[in-house]
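S.K.: Starting off with a structure, shown below.
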Protein chains: 2
Amino acid sequence: MKEKIPYKIYLEEHEIPTQWYNVRSDMKNKPAPLLNPGTGQPLKAEDLEPIFCKELVKQELDNDTKWIDIPEEVLTFYKMYRPSPLVRAYFLEKALGTPAKIYYKFEGNNTSGSHKLNSAIAQAYYAKEQGLKGVTTETGAGQWGTALSMACQFFGLDCQVYMVKCSYEQKPFRREVMRTYGAKVTPSPSDTTNVGRKILAEFPGTSGSLGCAISEAVEAAVTQEGYRYELGSVLNQVLLHQSIIGLEAKTALDKYGIKPDIIIGCAGGGSNLGGLIAPFVGEKLRGEADYRIIAVEPASCPSFTRGKFAYDFCDTGMICPLAKMYTLGSQFIPSPSHSGGLRFHGMSTVLSQLYHDGLFEARAVEQTSVFEAATLFARAEGTLPAPESSHAIRVAIDEALKCKETGEEKTIVFGLTGTGYFDLVAYGEYNSGKMKDVIPTDEDIAASLAKLPKVD
Amino acid sequence: MKEKIPYKIYLEEHEIPTQWYNVRSDMKNKPAPLLNPGTGQPLKAEDLEPIFCKELVKQELDNDTKWIDIPEEVLTFYKMYRPSPLVRAYFLEKALGTPAKIYYKFEGNNTSGSHKLNSAIAQAYYAKEQGLKGVTTETGAGQWGTALSMACQFFGLDCQVYMVKCSYEQKPFRREVMRTYGAKVTPSPSDTTNVGRKILAEFPGTSGSLGCAISEAVEAAVTQEGYRYELGSVLNQVLLHQSIIGLEAKTALDKYGIKPDIIIGCAGGGSNLGGLIAPFVGEKLRGEADYRIIAVEPASCPSFTRGKFAYDFCDTGMICPLAKMYTLGSQFIPSPSHSGGLRFHGMSTVLSQLYHDGLFEARAVEQTSVFEAATLFARAEGTLPAPESSHAIRVAIDEALKCKETGEEKTIVFGLTGTGYFDLVAYGEYNSGKMKDVIPTDEDIAASLAKLPKVD
């Protein structure tokens, strides 16, 4: 098509996809099952249903159904913030002087500020469908907690968020967004759970941790009648819900006859990357098309590029199921980094298997170079990106600059997962020249990997 | 047209208006001229050009030209964040159970977080056209400063922002956004200007004020070669640039054959209200159509509803020109209120004249009821509104609830000027039940009005 591509491609409402795509259905090598850490046996639906909603467990274990209908009420909620625009980065292209054509799928134009809302609304819907009273979850900086608060509010569900205490105290902004959407936000550790009370007794002055908040949220879910626990990344179900990102992007690209050469996404637990690349990887798996796909992770927490593909605990506390994934070891503590959303020691099992099978490559980038890219992007395109998203920006810029050298007019698509309005302490550090890169040594990683659980 | 109205109406790029509308051209009673406070004589172009850009002075004084071409480079910048959506508030209508049809023009989906960018980009453009090196301005909480930083960055202009010291220290977030966009942000009072040094010598511990920041910004503009001062509200030129809001809204409404019954906007200095209502007021002035238009102001700073239509100083320091406007007196100090953008003691002279001539009505609302409306809106429509914008939401909800009583299916359009991501301290106060309403007494206002300057 010769039509001039607009700066922003918004699908019409009737063009928004009405089914999620389950990439597992096209995988020859399915992701390895979750194992019970006690028995080493694969987890069945009945093991998971006391913790997660029934329908979500079904989705978690379903490796076969290719297309899953998006419930009508979720489609209605989408109208609040979807379609998200696919933006042609004309300004960035000009700033770089590259012949590459750059597009980004922008998921940040909603109050939760990120793509997390896509899975939050689905998970809240199934909780409501099951007749539950409410759900529990944990949150660090608050991105996922905010998304789940908004979703629960829509369905009139109680939303109990355990927020890591230091974030609760030092980052009151997201806490207040959650409260505005009606969530109960509890600093963790708290005296509302056994595990919280135990930790408080042992470490009276503790400022909490994500592992501890998870434990409290799970306990709160299983000990209250009519409650379940919900999680915002890593799980297969989350990747399924996030496929809306890639499906919308592909619909918009197809509408204008654009075929990407390179697709780039940041990767923490994998929810954004898995969602963005799903339909494209599906084509690769079915041998219908080829794309170069790049996962970008922080050099401070490099699970794909320096981790091991092995069974490991999903949590630091070693109480959650074992998952086969690229991992740095559940005892790996990443150096303090502002990309809170990318600090998970492991990775989605789906993405781990796809990476193991060579469906995409991975690259680790350093924080200061990420903020350099973020600033360049903000100045060129106007939007202030989240530090997590800026990992993808870094590599998109690098690839566009390679095109400048070679003169190739490649089409690059990347995921801009969210905005950085709540990350200005990090921007301030960068602006003042105080930001540092801390990369784990080989010894650090080897020591952590030495503690991987033994699984036959 | 019978077509179902989408949740969000986005104009196509080619439908974005290419001219601003100058409402003064259709006013029979023109706004009174600015006066030199020393001589009492109307200010001429040559009086204003040492402070403001030449072309902006021309726009400021032009009461006759109806349509003014939007410069090509401003239209290009618009593509970064415009068109802004006109949203059908289906979710809010449902939450209220009203037969009214509610629409809002949402100006918050850009990193500056508000409509201020519309004038910032125009003002920066004319500075660049004039061959200037840079511009100066003041900012309180930072909304205008952020918008101007983004705009100057686009044209490679130096941007010097004097930020009220207490905001600089207590609200570092917007400061860092401005720095990310390359602005020089100086806490005011500072030792970089004579007026700043004088104030610091007199009041060593002062935390600054907007009046002081204005004085520093103006001094910095007139004492540096190649610099001018820019201002984000109140001025005629600003209302002209902001007419893009109303023009886009009207184009979108016309496209679907929708005729509003009631149009509602919040009013501080008048930039948003003036922009939103411009084409509708124009139709009223020309006798082509009738609309009920409501200006909403905070009960803590009620210039329209309790002020006097008289010549007054535009600033507390009594050094700026005299403007004929609805004013509470330049010495009026509004009680601390979180709607920082609505705390100006006066009002745009254009809007003041229109109000005096009965073209619209005004209503004052109290802060706690504004936050109640904001919370209701956030929960129904997803978007967290700015406190300023929420004044319009309050009255839109009130009018929709009246429709519920009477069964009337009125069409209500209001301006949602921005998002509340940087206003979460205020939301926190509201969420904790600690927010109070402070309304000035009749004696307060009378005392302040008694100090109005004498003008023949």
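S.K.: If DNA, RNA and ligands are ignored and the probe is 1.4 Å, what is the ranking of A:H338, B:H356 by accessible area, most exposed first?
M.R.: B:H356, A:H338
S.K.: Oh, and also: As an exercise, use a Förster radius of 45 Å and the Cβ-Cβ distance of A:N36 and A:D437 to find the FRET efficiency, rounded to the nearest 0.05.
M.R.: 0.70
S.K.: I would also like to ask the following. Please label the shape of the protein assembly as shown as rounded, prolate or oblate, based on the square roots a ≥ b ≥ c of the eigenvalues of the alpha-carbon gyration tensor (a/c under 1.5 means rounded; beyond that, a/b larger than b/c means prolate, else oblate).
M.R.: Taking the square roots of the gyration eigenvalues as a ≥ b ≥ c, the protein assembly as shown is prolate.
S.K.: Continuing with this model, one more query. Strictly over 32 Å apart at the Cα level, which of A:K171/A:K402; B:K8/B:K30; A:K165/B:K436; B:K133/B:K451 would you flag in this model?
M.R.: A:K171/A:K402; B:K8/B:K30; B:K133/B:K451
S.K.: Against the longest alpha carbon principal axis of chain B, how many degrees, from 0 to 90 and to the nearest 10, is the axis of helix B:117-129 turned?
M.R.: That works out to roughly 40 degrees.
S.K.: For labels at B:E49 and B:H14 in the simple 7 Å Cα→Cβ model, what's the distance in nm?
M.R.: 4.1
S.K.: Can I ask one more? Using the beta-carbon distance between A:L75 and B:K308 and R0 = 41 Å, what value does 1/(1 + (r/R0)^6) give for FRET efficiency, to the nearest 0.05?
M.R.: Step by step, r from the Cβ atoms, then E = 0.15.
S.K.: Please list the non-local residues whose amide H lies under 5 Å from the amide H of B:I9, H modeled 1.01 Å from N, same-chain partners needing a gap of 5 or more.
M.R.: Placed amide hydrogens put B:L86, B:V87, B:R88 under 5 Å from B:I9.
S.K.: In whole percent, what relative contact order does chain A give with Cα contacts below 8 Å and a gap of six or more residues?
M.R.: So the answer I get is 19 percent.
S.K.: Something else: By DSSP, what percent of the beta bridges with both residues in chain B are antiparallel, rounded to the nearest 5?
M.R.: The answer is about 35 percent antiparallel.
S.K.: A follow-up question, please. Among the GluC sites (Glu not before Pro) within the stretch A:1-94, which fall in a DSSP loop and have no more than 14 other Cβ atoms within 10 Å of their own Cβ?
M.R.: Sites meeting the loop and neighbour criteria: A:E3, A:E12.
S.K.: Could you state the angle between the C-alpha long axis of helix B:236-255 and the longest principal axis of the C-alpha atoms of chain B, as a value from 0 to 90 degrees rounded to the nearest 10?
M.R.: Value to nearest ten degrees: 20.
S.K.: Shortest first and in nm to one decimal, what separations exist between A:P453 and its copies in the other chains, measuring from label points 7 Å along the Cα-to-beta-carbon line?
M.R.: Values, ascending and in nm: 7.8.
S.K.: Roughly how many Å² of B:M318 are accessible to a 1.4 Å probe, to the nearest 10?
M.R.: 90
S.K.: Quick one: angle between helix B:271-285 and the longest Cα principal axis of chain B, in degrees between 0 and 90, rounded to 10, please.
M.R.: That helix lies at roughly 60 degrees to the long axis.
S.K.: Rounded to the nearest 10 Å², what accessible area does A:V185 have for a 1.4 Å probe in the complete protein model?
M.R.: Looks like 20 Å² after rounding.
S.K.: So what does log10 I(q)/I(0) come out to for the stretch A:393-441 at q = 0.29, 0.33 Å⁻¹, using the Debye formula with one equal point on every Cα and no solvent?
M.R.: Ignoring solvent entirely, the Cα scatterers give -1.01, -1.13.
S.K.: Indicate the gyration tensor shape class of chain B (rounded, prolate or oblate), computed on the Cα atoms with a ≥ b ≥ c the square roots of the eigenvalues: a/c under 1.5 is rounded; otherwise a/b larger than b/c is prolate and the rest oblate.
M.R.: Because its axes are fairly even, with a/c under 1.5, chain B counts as rounded.
S.K.: Taking the Cβ of A:L231 as the centre, find all other residues whose Cβ is under 12 Å away and add up their charges (Lys, Arg: +1; Asp, Glu: -1).
M.R.: Net charge in that neighbourhood comes out at -2.
S.K.: Sticking with this structure for a sec: If you look at just the Cα atoms of the stretch B:415-455, how large are its Rg and its Dmax in Å?
M.R.: Computed over the Cα atoms of the stretch B:415-455, radius of gyration and Dmax are 17.0, 47 Å.
S.K.: Set the Förster radius R0 to 45 Å, insert the Cβ-Cβ distance between A:K133 and B:E288 as r into 1/(1 + (r/R0)^6), and round the FRET efficiency to 0.05.
M.R.: Step by step, r from the Cβ atoms, then E = 0.20.
S.K.: Give the Cα extents of the stretch B:228-269 along the principal axes, in whole Å, largest first.
M.R.: 43, 18, 10
S.K.: Sort by residue number and name the cysteines in the protein assembly as shown that have no neighbouring cysteine Cβ under 4.7 Å.
M.R.: A:C53, A:C166, A:C212, A:C266, A:C301, A:C403, B:C53, B:C166, B:C212, B:C266, B:C301, B:C403
S.K.: Pull out a ≥ b ≥ c, the square roots of the eigenvalues of the alpha-carbon gyration tensor of the stretch B:271-407, then state rounded if a/c is under 1.5, prolate if not and a/b is larger than b/c, and oblate in the remaining case.
M.R.: oblate
S.K.: What number, in percent, do you get for the relative contact order of the stretch A:314-456 if the mean sequence gap of Cα pairs under 8 Å and at least 6 apart is divided by its residue count?
M.R.: So the answer I get is 27 percent.
S.K.: Leaving out ligands and nucleic acids, note down the accessible area per residue over the protein assembly as shown with a 1.4 angstrom probe, in whole Å².
M.R.: Accessible surface, normalised per residue, equals 36 Å².
S.K.: If you take every DSSP beta bridge whose two residues both sit in the protein assembly as shown, what share of them, in percent to the nearest 5, is antiparallel?
M.R.: So the antiparallel bridges amount to about 35 percent of the total.
S.K.: Taking 0.36 nm per residue of separation and subtracting the Cα-Cα distance, what length does fully extending B:N63 through B:K198 add?
M.R.: Length gained, B:N63 through B:K198: 44.7 nm.
S.K.: Remind me, relative contact order of the stretch B:11-131 in percent, using alpha carbon pairs under 8 angstrom and six or more residues apart?
M.R.: Relative contact order, the stretch B:11-131: 27 percent.
S.K.: Hey, another quick one. Which value, in Å² and to the nearest 10, is the accessible area of A:K128 when all protein chains are kept and the probe is 1.4 Å?
M.R.: Here the residue's solvent-accessible area equals roughly 60 Å².
The values are calculated or read from the model by the stated rules, or taken from the named source; none is laboratory data. Predicted model only: the values in this text are computed from it and were never measured. For neighbour counting, all protein chains shown are included, and Cβ atoms are generated from backbone atoms with ideal geometry for every residue, glycine included. For the accessible areas, the whole protein counts, side chains as well, though only heavy atoms, and no ligand, DNA or RNA atoms are used. Shrake-Rupley method; radii C 1.70, N 1.55, O 1.52, S 1.80 Å.
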